[in-house]
Structures are given as C-alpha cells and as structure tokens.
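Trainee: Dumping the structure here so I can ask a few things about it.
The values are calculated or read from the model by the stated rules, or taken from the named source; none is laboratory data. Model, not experiment: these values are computed from the prediction. Cβ atoms come from the backbone with ideal geometry, glycine included; neighbour counts cover every protein chain shown. Surface areas here come from the heavy atoms of the whole protein model, side chains and all, with no ligands, DNA or RNA. Shrake-Rupley method; radii C 1.70, N 1.55, O 1.52, S 1.80 Å.
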Amino acid sequence: MVATKKAETLKNIIRWIAPLALLLSACSGNTTKSLNEDTTAAAVPLVTEVPVESGLEVSQIVTLDYEPGLDGFGFENYGGGQAPASMTVNLARRLYGDKQACVSVTDDKCSPQPVILQLIEQANRAMAGGLCEGFAVLSLRLYQEGGTTQLLGQEAIVAALEQGDPRVAAELAFWFVTQFSSETQAAAAFYREQTPSEIVAALADDFANPGTTAGYTLGLYSAEGGHAVTPYAVESIDGGSRIYIYDSNWPSETRWIDVVDNTWTYALAATNPTEAAAAWTGTTGTLELTPMASRQPPFSCAFCPQPDGGKSMT
C-alpha cells in the first residue's frame, strides 16, 4: 500500500537476453551536461477524480503522493560495476535462490554455478554505463514501502540517503539487474506494444487508485540510447498529455515527457548526467512500462542448470 508523505517523519547476460534490455542498461555518456533553468515545472497539485475511461480532460492531473525532492535520491545517477555497486554471488542468490544459483551451499557460502559467474561479469559490465534502472526501481520501491526502514534499519527520506553508503549502492545494483529476468522482460514487452497514449491511460488509471496502485518504472529508447525513470503523475495539456517523472540524472528536479498524437518527447533527455541533454522522441515500441509486481525475486533462471536434468537455455 502506498505510504503517506515521508516528509511527515521523514545479457550474452546470457545470450537469450533481449537487446532492448541491454539498451536500457546503457545510461552513460561522456560529454558535458547542459541545463535550461527555465524548464523547471511548477509544483504538481493533487486531484481525486479523473475520468480515465474517456481520457484526461484539460487542466486535470492525477498523481501519486510522490515528490522527487523527497522520494528520489539526492545524488546523481552514476556508473556501477565495482564494489559496492556491483553484482555479487550473494545478490545472485537473492535473485534466483540457492537451488538455481549454487552448485552447493556450505556454512551459508555458495559455490556458484559457472553460468552465474558469467552473469555477474556481464551485469557488472552493463552497470558501468549507469545505474538508472536501479535508481528508478529502488526509489519507487522505497516509496511503496513507506520509507527506508527495511534498507537501513531506520526511518529516513530517500533523498537523505548517501551515495557512499555501501548498502544503498548494493541495492541500486540489485534492482538494476532485475531488468534482465524473464518475468520482468515479459511484462515490459507487453507494454512496449502499447501506444504512448495507451501508456498514459494505464498510468492515469494506476495513479487514480493510490490505495491499490501497482507502480511502474518507465523505459525510453531513442537513437541516443536507453534510459529508465519513475513516473508519478499524468496531466492533460493542450493537444495531449504530460507524464511527470523522477529522473536520476536530475536529482530533486521536476521533469516530464509530453505525449501528443501518439508521439512522446522528452526535451531534457540524457542517458547520464555527464551527457549533454537533448530532445528524445519516439512512438509505439520506444516507450515501455514495467510493473513492480514483475520484479519480485526469486526469479526463474532459464539459463541455470535445471533440477530435473533438463537442458538450460544458456
């Protein structure tokens, strides 16, 4: 259940992995970031009644009780792949369970399957380009859980977490890698077939029912690469709709994607905060939602040795 505002208290990972998943992992760049200070949006108000069936009407907005300045991380997206922001054997156990990830377990120490070592190597290589997927997922997950109690053993708003905390870095790496699971990919593939307008409608429907919201991360693809963000509000604008997002490249700042005539445009897109911001645009097949329910480990491991002796998909 979605929490009230904490301000009150506070692929070969294996060769079968879809190319789009690898594209999404590429949150990197190496040029200088540019910032148009005039593009910051006004605060997003709450409304309680939105006619989702007929689409959003002019001046209407539906939103979660989510604020990038509190529920988003206070530090920028950065490249992982090295400890503590890296894939490890213990994180692989958490992803797939000991029966799939380990040849054997002695004194709680896992002797990993060889294919798990390959997964770790290639996941860390993918993380080097940026952890945007991990930022998008973990921010929303902590919001849904009502804070950071489970992560740090104490209450604190997400924006107060520090990049240097190894527990935070490890969680970013873990949730980054969930994008490669077959369950997560199948869910994302369904929404990748939806038009941008249908994606807006799905988000509006979800946000209009905060007590039962599923929660989604949003993937964007363009010729420049792929990026992952956290959507938290949808507003009607002249001729279309606007999706408000938390973008880890722009901590604590309001960002949005406009959808008009089934074409989306993100005016300040970049795969990494060190890359120059530019307009990304696309249509059906280049925008996708991934429901949080598809990211619940342990996942099936089709490339792991099968308990029944059957062949794996390695």
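Trainee: Does any residue of the range 201-208 turn out to be assigned to a loop (DSSP other than H, G, I, E, B) and surrounded by fewer than 22 Cβ atoms within 10 Å (Cβ to Cβ)?
Mentor: Within the range 201-208 (the criterion being assigned to a loop (DSSP other than H, G, I, E, B) and surrounded by fewer than 22 Cβ atoms within 10 Å (Cβ to Cβ)), the answer is yes, since at least one residue qualifies.
Trainee: Is it true that some residue in the range 105-112 is part of a helix (DSSP H, G or I) and out of contact with any Cys (no Cβ under 6 Å at 6 or more places or on another chain)?
Mentor: Within the range 105-112, none of the residues are part of a helix (DSSP H, G or I) and out of contact with any Cys (no Cβ under 6 Å at 6 or more places or on another chain).
Residue by residue, here is whether (1) of a type in the set (K, R); (2) within 23 Å of L289 (Cα to Cα); (3) touching a helix residue (DSSP H, G or I) at 6+ places or on another chain (Cβ under 6 Å); (4) at pLDDT 95 or above holds:
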| residue | (1), (2), (3), (4) |
| --- | --- |
| G72 | no, yes, yes, yes |
| Q82 | no, no, no, yes |
| S104 | no, no, no, yes |
| N124 | no, no, no, yes |
| L131 | no, yes, yes, yes |
| Q144 | no, yes, no, no |
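Trainee: Do we have any residue at all in the range 106-114 that's surrounded by fewer than 19 Cβ atoms within 10 Å (Cβ to Cβ) and either in contact with a Leu (Cβ under 9 Å, 6 or more places away or on another chain) or on the phi > 0 side of the Ramachandran plot (or both)?
Mentor: yes
Trainee: Check off (1) open to solvent by 20 Å² or more (accessible area, probe 1.4 Å); (2) in contact with a Ser or Thr (Cβ under 8 Å, 6 or more places away or on another chain); (3) farther than 27 Å from L151 by Cα for Y216 and give me the number that stays unchecked.
Mentor: Exception for Y216: condition (3).
Trainee: Looking at the range 251-267 only, could you name the residues that are open to solvent by 10 Å² or more (accessible area, probe 1.4 Å) and either under 15 Å from T283 (Cα atoms) or not in a loop (DSSP other than H, G, I, E, B) (or both)?
Mentor: W256, D258, V260, D261, N262, T263, T265, A267
Trainee: Could you check, for the range 77-96, whether at least one of its residues is in contact with a Lys or Arg (Cβ under 7 Å, 6 or more places away or on another chain) and surrounded by 21 or more Cβ atoms within 10 Å (Cβ to Cβ)?
Mentor: Looking through the range 77-96, none of the residues is in contact with a Lys or Arg (Cβ under 7 Å, 6 or more places away or on another chain) and surrounded by 21 or more Cβ atoms within 10 Å (Cβ to Cβ).
Trainee: Do we find that S248 is in contact with a Cys (Cβ under 7 Å, 6 or more places away or on another chain) and part of a loop (DSSP other than H, G, I, E, B) in this structure?
Mentor: yes
Trainee: Looking only at the range 289-312, decide whether some residue is farther than 23 Å from A201 by Cα, modelled with pLDDT under 95, open to solvent by less than 10 Å² (accessible area, probe 1.4 Å) and among the aromatic types (F, W, Y).
Mentor: Among the residues of the range 289-312, at least one is farther than 23 Å from A201 by Cα, modelled with pLDDT under 95, open to solvent by less than 10 Å² (accessible area, probe 1.4 Å) and among the aromatic types (F, W, Y), which makes the answer yes.
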